[in-house]
Amino acid sequence: MRTRLIHDRYASLTWLIIVMTVAALVIGVIAARYVENRLVASKGESLALAAAEIAHKLDLLLAERYSDVRALAQTPLIRGHNTAAKNAYLDSLRTISPLYLLLGVTDAQGRFVAATDHACIGMDMSRSPWFQSVRGTRHVHVGDVETFEDAGGTDAISFTAPIEGAGGEFQGVVTTRVGLPLLEDVVARTIRTFQAREESGENLEYKFVTTRGDVFIDSDLHYKGNVNLKRIGLPSALLGESGRPGYVEEEHVQRHVRVITGYAITQGTGEFHGLKWTVLLRTDKDDLVAPIRSVLWKLAAAWVLVWLPMLGFLFWSTGRLKQEWTRAQDEQAHALAAESNYRQLVEQARDIIYRTDAQGRFTFVNPTASRIMGYSEQELIGLRFVELIRPDARDASERLYRRHLLRQTPNTYYEFPALTKDGREIWIGQNVQVLLERGQVTGFQAVARDITERKRAQEERKALARRNDSLIAALGQIVYDWRPLTNEVIWEGNYTEVLGYSP
C-alpha cells in the first residue's frame, strides 16, 4: 500500500512536469499568435491609411480636372465661333498639360469642331452618354473608366462641361480625357512615400476597382485582365462599399496565398462628388510575418536547447527525490518501530522510569511508577519528585541533586525513603542522568527500583551483627578455673546470664 502511495504521489509529480511543459508550449504558441496578429493588425492599419491617402489624392486630382473643364467651358475663346482659334488654344493646353489624352469642343449637335487630335474633328458624338447627359442636365459630367475611340481606343476618364451662350442657350460641350497612367503615377508616388515612412521592403500590390467591381488599374500585370472582384465576392472589394477605410486578411484570387489588404473609397471633394472607386493596397502575409517567424523559430530552438536538459534534470531530480523520500519513509518507519519497541520496553519494565524538567517536575512516568507509588500518571505529571520523599529526607535529597545539577554531574546514584499514596514507606534506589541542551540543563531522567526488601534485609543483618558483637563482649567477661587432676571447673563471673546454663 505504501509503495503504491509513493508511486501515485510521484506519478502526479511527473504528470505535473509534463503539464507544465505542455502549458509552456501552449503559452508560447499563443504568444506567437498574439505577436503575429498584432503585427498583422499594425500592418493592416497602415495599409488602410495608405489606401485612404491614395483615395484622397485621387479625389484632389480628379477635382482639379473637374474644375479645369468647367473653367474651360466658360472661356470666351471657347464660347466664340473661331474654330481655328479654338484648335490653337486646345493644342497649347495639351502642350502645357500632357496628362490629357484629348481635349475637344463640340457644337450643339454633338460634332467635334475642335480637338487636340485633328482626326476627331467632324466626328458625331451626339449619341455619347457624356454628350447627352450634359445637354440634358446642363451640368458637368464625369464619366467612369471606359474605352474611348476618340482617345485612340485607350481607357480613360471623361470630364464634360456645357458651353452656354450669353442668353444661356446650349452651344455645345467641352470634353477632356484623362489617361489612367496619370492615376497610376499618383499611386506609385504614394506607395514609395509609404514604404519610406514604414521602412519596409515588402512588395505592395494595388488595384483600383470601379463601383461595378471591375479592376481598371492593377499593379500585377501578369494577372491584369477583365476581372470583377465584387462578382467573385472578394471581401476587400465588398467591404470598401461601406465608405470607411479598413483592412482584411483574405486569399489572393489568382495566387491563392494569404494577403493583408487595406481598402478605402474615393469620396470626392467640394462640388466634385467622386466616382466611388475602391482603392486596394495589399501585401503578402508571409512576407510580413517571415521576419517575426524567423525570430520566433530561433527563440523556440533556444527554448528547446535550454528546456530539454532542464526537463531531463527535473525527471532525474524527481527520481532521486522519490528514492530519498522512500528511504526517509523507511527510516521513519524503522524509527517509529524502534520508538514503539522502546516505549513498549519502558512501559513493561519492572523498574521505575521517569523524566523531569529542570525544576524537578515529572514530565513522563512509566506504568511501573504508578503501580509502585500508588499514584495515577495524571497525578504524577507536574508533581515535584521530592514531594514523594519522606519529609525528613527531602532537604538532603534536594541539596544533593541541586549540587549535581549545578555541577552538571552526568550520572548519580542515590537511595532515599519515599512515601506511597497510601502512606507506606518504601526505599527507592535510582540512577539519575542529567539532560542537557546547548549546554543548559533541561531536566533529568532516572531509572529507579524499589529496594525496600534489600534495605530491610540490610537492617536485619545489621541488627544480627549488633547482637553478635554484644555476645562476644559478654563472653569476654567469663572466667573459669579447670583443675585437671580432679577434672573440676570452678566458674567465676556472670556465666549463667551469658550462656543460659546453671553451674
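Descriptive notes on the structure:
- Placing dummy labels 7 Å off each Cα toward the beta-carbon, the span from MET310 to TYR414 is 6.5 nm.
- Under 15 Å from LYS455, Cα to Cα: aspartates and glutamates that are on another chain or at least 8 residues apart: GLU415, GLU425
- Cα-based Rg / Dmax (Å) for the range 55-198: 15.9, 57
- Beyond 29 Å in Cα-Cα separation lie the following of the pairs LYS43/LYS298; LYS298/LYS322; LYS43/LYS207: LYS298/LYS322.
- Accessible area per residue, Å², the range 123-166 with all protein chains present, probe 1.4 Å: 47
- Bridging of LYS276 to aspartates and glutamates at a Cα separation below 12 Å is possible for ASP59, ASP144, GLU241, once same-chain residues fewer than 8 apart are set aside.
- The distance between label points at GLU241 and GLN359 comes to 9.7 nm (points 7 Å beyond Cα on the Cα→Cβ vector).
- Each 10 Å bin from zero up to the one holding the largest Cα-Cα distance in the range 236-290 carries the following percent of pairs: 25, 43, 23, 8, 1.
- With DNA, RNA and ligands ignored, accessible area of LEU406 (1.4 Å probe; Å², nearest 10): 140
- Packing-based ranking, highest mean first, of 176-182, 459-465 given that Cβ atoms within 10 Å are counted: 176-182, 459-465
- Projecting label points 7 angstrom from Cα along Cα→Cβ for TRP15 and ILE121 puts them 9.7 nm apart.
- Of the whole protein surface, LYS276 contributes about 80 Å² of accessible area at a 1.4 Å probe radius.
- Qualifying aspartates and glutamates (Cα of each under 19 Å from Cα of LYS86; at least 8 residues distant if same chain): ASP68, ASP107, ASP117, ASP124, ASP150, GLU164
The values are calculated or read from the model by the stated rules, or taken from the named source; none is laboratory data. On a predicted model such as this, the values are computed, not experimentally measured, just so you know. Positions of Cβ are generated from backbone atoms using ideal geometry, with glycine treated the same way; all protein chains shown enter the neighbour counts. Accessible surface areas use protein heavy atoms only, side chains included; no ligands, DNA or RNA. Shrake-Rupley method; radii C 1.70, N 1.55, O 1.52, S 1.80 Å.
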